[in-house]
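The values are calculated or read from the model by the stated rules, or taken from the named source; none is laboratory data. If you're wondering where the values come from, they're calculated on a predicted model, not measured in any experiment. All Cβ positions, even for glycine, are placed from backbone atoms using ideal geometry, and neighbour counts span all protein chains on display. All accessible areas refer to the heavy atoms of the entire protein, side chains included, with ligands and DNA or RNA removed. Shrake-Rupley method; radii C 1.70, N 1.55, O 1.52, S 1.80 Å.
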Amino acid sequence: MAYGIKLKVWGDFACFTRPEMKVERVSYDVMTPSGARGILEAIYWKPQIRWVIDRIHVLKPVQFTSIRRNEVASKASAATAKSAMKAGTGDIGIIIEEDRQQRAALVLRDVAYVIEAHFEITDMRFEKDGPEASRDDNAGKHLSIFNRRAKGGQYFHHPYFGCREFPVNFELIDGALPESTLPAGERDKDFGFMLHDLEFDQDPKTKAVKSTTPRFFRAEMKNGIIEVPPFHQALA
């Protein structure tokens, strides 16, 4: 059984990076399903549920702006960290002043969306749930917890629009959806192929991720709404 929610999200800036851009960051025209999922998981996530994005409502016109951002050129190495753990000593830090790079970014500004989504109960169960635990009861519990956290502005970590310096404001919607300010001529648009999400290939025994495969879908906005197809229908 699916349990749905509607969440309004808005902010000053957003960057949903196109994967084909290797050096400079260039955002998609609108929020991606994986970006929407990340916002929901920041508010409430448990191993027993999986968030599924159904629709993305675009509430404001698409506007781009160019900025420059400081980024580090490298990332911490997992192999170096493991070696340091075994040896009990080692240098695993990154000195920002020595590894900083300034890059241009084409980002969105003044964005607002409504995320329509639902969650599904996964097969990950815990002994504390007990054999008598009902899946419907657990789903209702998770829905109540999410609604309470969203209404109270709670989160595990602050949700963001693609980059951590672009924070998200959010509000749970109980009634009618907010009106869109999209001009009549911009309500229908084909954004081309967009990243849907990543498919993780896990080792069945250790659950370690062996590889990731990006999946894409054709993002078409009709009357300001992007219908997100099921993940299994996305293209690899």
Exercise for review: Search the stretch 187-223 for residues being of a type in the set (A, V, I, L, M) and without any contact (Cβ under 8 Å) to a residue 12 or more places away in the chain, and hand back the single one that is least open to solvent (accessible area, probe 1.4 Å).
Suggested key: 208
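Here is a check on your reading of the model: is residue 135 more than 29 Å from residue 10 (Cβ to Cβ) and at pLDDT below 80? Show your work before the answer.
Details: more than 29 Å from residue 10 (Cβ to Cβ): yes; at pLDDT below 80: yes.
Taking the combined requirement at face value, the residue satisfies it.
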Exercise for review: Take the stretch 82-98 and flag every residue that is out of contact with any helix residue (DSSP H, G or I) (no Cβ under 6 Å at 6 or more places or on another chain), open to solvent by 80 Å² or more (accessible area, probe 1.4 Å) and of a type in the set (A, V, I, L, M, F, W, C).
Suggested key: 85, 95, 96
Study note, to complete from the structure: Quick count over the stretch 65-95, residues being among the hydrophobic types (A, V, I, L, M, F, W, C) and touching an Asp or Glu at 6+ places or on another chain (Cβ under 8 Å), is 3
**Study point:** the stretch 167-182 - residue that is open to solvent by 80 Å² or more (accessible area, probe 1.4 Å) and over 23 Å from the mean Cα position of the chain (by Cα) and, of those, farthest from residue 59 (Cα to Cα)
**Key:** 176
Practice item. Considering only the stretch 224-236, state which residues are open to solvent by 50 Å² or more (accessible area, probe 1.4 Å) and farther than 25 Å from residue 183 by Cβ. Key: 230, 231, 232, 233, 235, 236
Practice item. Only residues in the stretch 70-90 that are within 23 Å of residue 100 (Cβ to Cβ) count as the first member; pair them with residues that are of a type in the set (Ser, Thr, Tyr), Cβ under 8 angstrom, at least 6 apart or cross-chain, and list the lot. Key: 90/80; 90/83
**Study point:** Of residues in the stretch 143-166 being open to solvent by 60 Å² or more (accessible area, probe 1.4 Å) and over 16 Å from residue 109 (Cα atoms), the one modelled with the lowest pLDDT
**Key:** 144
Practice item. Those residues that are open to solvent by less than 60 Å² (accessible area, probe 1.4 Å) and hydroxyl-bearing (Ser, Thr, Tyr), I need them from the stretch 58-72; list them, please. Key: 65
Review point. Of all residues in the stretch 183-220, how many are under 23 Å from residue 62 (Cβ atoms), assigned to a strand (DSSP E or B) and not acidic (Asp, Glu)?
Key: 12
Check your understanding: Checking residue 229 against (1) more than 14 Å from residue 59 (Cα to Cα); (2) outside any loop (DSSP other than H, G, I, E, B); (3) under 19 Å from the mean Cα position of the chain (by Cα), which test does it fail?
Key -> (2)
